[in-house]
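> Okay, here's the structure, questions in a sec.
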Amino acid sequence: MTLIEHWIGGKAHPNGTERTGPVFDPARGVQQHEVVFAGDAEIEAAVAAAKAAFPGWRDTSIARRSQVLFAFRELLNARKDELAAILTSEHGKVLTDAAGEIARGLEVVEFATGFPHLLKGEFTENASTGVDVYSLRQPLGVVGIISPFNFPAMVPMWFFPIALAAGNTVVLKPSEKDPSAANWLAAVLKKAGLPDGAFNVLHGDKHAVDGLLTHPDVKSISFVGSTPIAKYIYETAAKHGKRVQALGGAKNHMLVLPDADLDLTADAAVNAGFGSAGERCMAISVVVAVEPVADDLVAKIRERMAGLKVGDGRKACDMGPLITREHRDKVASYLDLAAEDGAEVVVDGRGIEVDGEADGFWLGPTLVDKVPITSRVYTDEIFGPVLSVVRVASYEDGLELINSSQYGNGTAIFTNDGGAARRFQNEVEVGMIGINVPIPVPVSYHSFGGWKNSLFGDTKAYGPDAFHFFTRQKAVTSRWLDPSHGGINLGFPQTTH
């Protein structure tokens, strides 16, 4: 059984404690690795390595930093199949989905390679007589990144390419459930020419997280995870004087108007509800059907679900297992709750046939209709392959339902009415909106983040916001004496100056 160690100072770093955690193959239901959990000494070593590397990396020329990022992009692209296999083996998502995750991460790497333009300051000549004012954008120092289990490659790549481009050094704390991708990325960065210590991986649990949140040498924290933890991250890190972007949970709604193309809508609902086994913060988990289309839409969704193949992600399957047995059991428990609350379980994903080993953490695609909005099936972020249908009488009712949610991460509207779509994008209180697009994750040169309890902090992930987050601005006011005021001048004497 492989022992997954920290990556500190450009190499594997042994653990000083005996604390470890299991890493499973979710499709087989067996442990395949052991990951070390950091103690105080490892936390200090990771931060110290990043701090020591910071002055040199900060002062590395823009041209050289750009070369390292380009080299990393080329190496990652050439070896992406290798990384996809790691993701599938530890998370369980199918290989095509893992490849898609890497592709979206690569987009941010490619965006980061254009960083020289995004680090430029501003200049005002002669603001006062002989006085110029200009601004500089400079890196923060050591930055901490805490990433979730559902995207072990993409979410770190939302942050660290831009952090490194801006001249910061990084300590990444990945999820202990699927940690190998982080070490793999660290090794590729080293091969691309990144100096030792500029990128470090610290494995562990809450102790490691708290160590980064409170360490005086860590200047910022970037986090993606559940809302309760995001709020804790934000409050704790801010209390210790750090800049924070903490992206939380979601309950994403798809509003379906009566004029929508129901075949397109049903395809979108299945794709967005069950991809990656619903373990996405941008998954559609609630279809809000404006009557009278609900019956037809539910029938079309059910028809498409019947053709989905669930199994080992290394085979030709549509959906893989959930990340752990405990998480699978928690998600499945909502089906009993749905029945108790008066909802109709149209498709029950428990006990399905799978193309995989019996001990895998399986739960098939599940469809629940007529869900009361008072039910925890509606209010909780289930984070699994459970698609709920809520029926409403009008656009206004659907909009009110969405806006009353504590979350505001993503939403979508399906309609052929341009006026309704334009009104929706103006009135809905959500940070990312799709119009006939079920998962509206912005491209890399726009920024990612929600509203309300889906984002704590003022700055979103990647895009232009990220360069503001990972840099501080200096304003310089400068005046130089005119040379004519003095000095040696051997030129021919003149009567005027």
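> How about the range 365-379: which of its residues are assigned to a helix (DSSP H, G or I) and either among the hydroxyl-bearing types (Ser, Thr, Tyr) or closer than 17 Å to ILE301 by Cβ (or both)?
To start, the set of residues in the range 365-379 that are assigned to a helix (DSSP H, G or I) comprises 376-379.
Once the filter is applied, which keeps residues that are assigned to a helix (DSSP H, G or I) and either among the hydroxyl-bearing types (Ser, Thr, Tyr) or closer than 17 Å to ILE301 by Cβ (or both), the range 365-379 yields VAL377, TYR378, THR379.
> Based on this model, can you work out whether GLY418 counts as crowded, with 19+ Cβ neighbours inside 10 Å and at pLDDT 95 or above? Can you show your working first?
Working: crowded, with 19+ Cβ neighbours inside 10 Å: no; at pLDDT 95 or above: yes.
Here the answer is no, as GLY418 does not meet what is asked.
> Report every pair of residues separated by at least 6 positions or lying on different chains whose Cβ atoms are under 8 Å apart, first residue within the range 279-291 and under 11 Å from VAL390 (Cβ atoms), second among the polar types (S, T, N, Q) and buried (at least 24 other Cβ atoms within 10 Å of the Cβ).
From residues that are under 11 Å from VAL390 (Cβ atoms), the pairs are SER285/ASN252; SER285/SER388; VAL286/ASN252; VAL286/SER388; VAL287/SER388.
> May I ask you to verify whether LEU367 is within 30 Å of ALA316 (Cβ to Cβ) and not β-branched (Val, Ile, Thr)?
On the way: within 30 Å of ALA316 (Cβ to Cβ): yes; not β-branched (Val, Ile, Thr): yes.
Yes: the conditions hold for LEU367.
> Look at LYS93 and say whether it is among the charged types (D, E, K, R) and buried (at least 16 other Cβ atoms within 10 Å of the Cβ).
Values: among the charged types (D, E, K, R): yes; buried (at least 16 other Cβ atoms within 10 Å of the Cβ): yes.
For LYS93, the condition - among the charged types (D, E, K, R) and buried (at least 16 other Cβ atoms within 10 Å of the Cβ) - is met.
> Sticking with this structure for a sec: Look at the range 211-245 and say how many of its residues are within 24 Å of ALA45 (Cβ to Cβ), part of a helix (DSSP H, G or I) and either among the aliphatic types (A, V, I, L, M) or touching a Pro at 6+ places or on another chain (Cβ under 9 Å) (or both). Before the answer, list the steps.
Of the range 211-245, the ones within 24 Å of ALA45 (Cβ to Cβ) are 211-223, 233, 236-237, 240-244.
Checking which are part of a helix (DSSP H, G or I) leaves us with 211-214, 233, 236-237.
Filter once more, keeping what is either among the aliphatic types (A, V, I, L, M) or touching a Pro at 6+ places or on another chain (Cβ under 9 Å) (or both): 212-213, 233, 237.
Residues in the range 211-245 being within 24 Å of ALA45 (Cβ to Cβ), part of a helix (DSSP H, G or I) and either among the aliphatic types (A, V, I, L, M) or touching a Pro at 6+ places or on another chain (Cβ under 9 Å) (or both): 4 in total.
> Any chance the range 456-478 includes a residue that's closer than 30 Å to PRO372 by Cβ and of a type outside the set (Val, Ile, Thr)? Step through it out loud before you land on a result.
Taking the range 456-478 and keeping what is closer than 30 Å to PRO372 by Cβ, we get 456.
Those left that are additionally of a type outside the set (Val, Ile, Thr): 456.
Among the residues of the range 456-478, at least one is closer than 30 Å to PRO372 by Cβ and of a type outside the set (Val, Ile, Thr), which makes the answer yes.
> Also: Six or more apart or on different chains, Cβ under 8 Å: which pairs go from a residue in the range 1-22 that's surrounded by 15 or more Cβ atoms within 10 Å (Cβ to Cβ) to one that's of a type in the set (Phe, Trp, Tyr) and part of a strand (DSSP E or B)? Could you list them?
TRP7/PHE199; HIS13/TRP7
> A further question on this structure: For the range 292-340, how many residues are outside any helix (DSSP H, G or I), of a type outside the set (Gly, Ala, Ser) and open to solvent by less than 60 Å² (accessible area, probe 1.4 Å)? Give the steps one after another, and end with the answer.
Step one: of the range 292-340, the residues outside any helix (DSSP H, G or I) are 292-293, 306-324.
Subsequent filtering for residues that are of a type outside the set (Gly, Ala, Ser) retains 292-293, 308-310, 312, 314-315, 317-319, 321-324.
Within this subset, residues satisfying the condition of being open to solvent by less than 60 Å² (accessible area, probe 1.4 Å) are 293, 308, 310, 312, 317, 319, 321-324.
Qualifying residue count for the region: 10.
> Is it the case that PRO365 is under 30 Å from the mean Cα position of the chain (by Cα), open to solvent by 10 Å² or more (accessible area, probe 1.4 Å) and not small (Gly, Ala, Ser)?
Answer is yes for this residue.
> Does the range 86-130 hold any residues that are of a type in the set (S, T, N, Q) and touching a Leu at 6+ places or on another chain (Cβ under 7 Å), and which are they? Explain how you work it out, then say what you get.
Pass one, the range 86-130, residues of a type in the set (S, T, N, Q): 88-89, 96, 113, 124, 126, 128-129.
The answer is THR88, THR113.
> Quick one: in the range 105-123, of everything that is free of Cβ contacts under 8 Å to residues at least 60 places away in the same chain and open to solvent by less than 50 Å² (accessible area, probe 1.4 Å), which residue is nearest to LEU136 (Cα to Cα)?
Keep residues of the range 105-123 that are free of Cβ contacts under 8 Å to residues at least 60 places away in the same chain, which gives 105-106, 109, 112-114, 116-117, 120, 122-123.
In the following step, the residues that additionally are open to solvent by less than 50 Å² (accessible area, probe 1.4 Å) were identified as 105-106, 109, 112-114, 116.
Details: GLY105: 28, LEU106: 28, VAL109: 23, ALA112: 18, THR113: 19, GLY114: 17, PRO116: 12 Å.
For the range 105-123, the residue satisfying everything is PRO116.
> Quick one: is VAL286 hydrophobic (A, V, I, L, M, F, W, C), buried (at least 20 other Cβ atoms within 10 Å of the Cβ) and over 22 Å from LYS177 (Cβ atoms)?
Yes.
> For LYS251, which of the numbered conditions (1) farther than 20 Å from VAL371 by Cβ; (2) surrounded by 23 or more Cβ atoms within 10 Å (Cβ to Cβ) fails to hold?
Of (1) farther than 20 Å from VAL371 by Cβ; (2) surrounded by 23 or more Cβ atoms within 10 Å (Cβ to Cβ), only one is false for LYS251: (1).
> Still on this model: In the range 427-486, which residue that is basic (Lys, Arg) and closer than 30 Å to ASP397 by Cβ is most open to solvent (accessible area, probe 1.4 Å)? Break it down into steps so the answer makes sense when it comes.
The first filter runs over the range 427-486 and keeps only residues basic (Lys, Arg), leaving 452, 460, 472, 474, 479.
With closer than 30 Å to ASP397 by Cβ added as a condition, the list becomes 452, 460.
Numbers: LYS452: 71, LYS460: 44 Å².
The residue in question is LYS452.
> If a residue has to be more than 21 Å from the chain's Cα centre (by Cα) and either crowded, with 24+ Cβ neighbours inside 10 Å or within 22 Å of GLY449 (Cα to Cα) (or both) to count, how many in the range 141-166 make the cut? Lay out the reasoning, then the answer.
Just the residues of the range 141-166 that are more than 21 Å from the chain's Cα centre (by Cα), to begin with: 141.
Going one step further and asking which of them are either crowded, with 24+ Cβ neighbours inside 10 Å or within 22 Å of GLY449 (Cα to Cα) (or both), we end up with none.
Qualifying residue count, the range 141-166: 0.
> Having 3 or more residues that are more than 18 Å from LYS474 (Cα to Cα) and of a type in the set (Phe, Trp, Tyr) is the bar; report the helices (runs of 4 or more DSSP H) wholly within the range 85-177 that clear it.
Values: elements: 95-112, 115-118, 154-165.
In the range 85-177, the matching helices (runs of 4 or more DSSP H) lie at 154-165.
> Moving on to the next point. Can we say SER222 is open to solvent by 10 Å² or more (accessible area, probe 1.4 Å), closer than 27 Å to LEU69 by Cα, in contact with a helix residue (DSSP H, G or I) (Cβ under 7 Å, 6 or more places away or on another chain) and at pLDDT 95 or above?
On the way: open to solvent by 10 Å² or more (accessible area, probe 1.4 Å): no; closer than 27 Å to LEU69 by Cα: yes; in contact with a helix residue (DSSP H, G or I) (Cβ under 7 Å, 6 or more places away or on another chain): yes; at pLDDT 95 or above: yes.
Criteria not met by SER222.
> Anything in the range 194-210 that is over 19 Å from PHE54 (Cα atoms) and either in a helix (DSSP H, G or I) or touching a Ser or Thr at 6+ places or on another chain (Cβ under 8 Å) (or both)? List them, or say none.
Just the residues of the range 194-210 that are over 19 Å from PHE54 (Cα atoms), to begin with: 203-210.
Matches in the range 194-210: LYS206, HIS207, ALA208, VAL209, ASP210.
> Just to be sure I understand the filter: pairs with C-beta atoms under 6 Å, separated by 6 or more residues or on different chains, first member in the range 37-49 and of a type in the set (Asp, Glu), second member modelled with pLDDT of 95 or more. Which pairs pass?
GLU42/HIS6
> Only one of (1) of a type in the set (Val, Ile, Thr); (2) assigned to a helix (DSSP H, G or I); (3) out of contact with any Asp or Glu (no Cβ under 8 Å at 6 or more places or on another chain) fails for VAL286. Which number is that?
(2)
> Also, I was wondering about something else. For PRO258, all conditions in the list (1) assigned to a loop (DSSP other than H, G, I, E, B); (2) open to solvent by less than 10 Å² (accessible area, probe 1.4 Å); (3) more than 30 Å from ILE4 (Cβ to Cβ) hold save one; what is the number of the exception?
(2)
> Scanning for something out of contact with any strand residue (DSSP E or B) (no Cβ under 6 Å at 6 or more places or on another chain), under 22 Å from GLY100 (Cα atoms) and open to solvent by less than 30 Å² (accessible area, probe 1.4 Å), does the range 374-384 turn up at least one residue?
Yes - at least one qualifying residue is present in the range 374-384.
Conditions (1) free of Cβ contacts under 8 Å to residues at least 40 places away in the same chain; (2) open to solvent by less than 70 Å² (accessible area, probe 1.4 Å), marked per residue:
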residue	(1), (2)
GLU34	yes, yes
ALA52	no, no
THR60	no, yes
ALA63	yes, yes
THR88	no, yes
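> Looking at this structure, is ASP482 modelled with pLDDT of 95 or more, over 23 Å from SER222 (Cβ atoms) and charged (D, E, K, R)?
Working: modelled with pLDDT of 95 or more: no; over 23 Å from SER222 (Cβ atoms): yes; charged (D, E, K, R): yes.
When the stated conditions are applied, ASP482 does not pass them.
The values are calculated or read from the model by the stated rules, or taken from the named source; none is laboratory data. Fair warning: this is a prediction, and the values are worked out from it, not measured in the lab. Here Cβ is always computed from backbone atoms with ideal geometry, including for glycine, and neighbour counts include all displayed protein chains. Areas reflect the complete protein model, heavy atoms only, side chains present, ligands, DNA and RNA absent. Shrake-Rupley method; radii C 1.70, N 1.55, O 1.52, S 1.80 Å.
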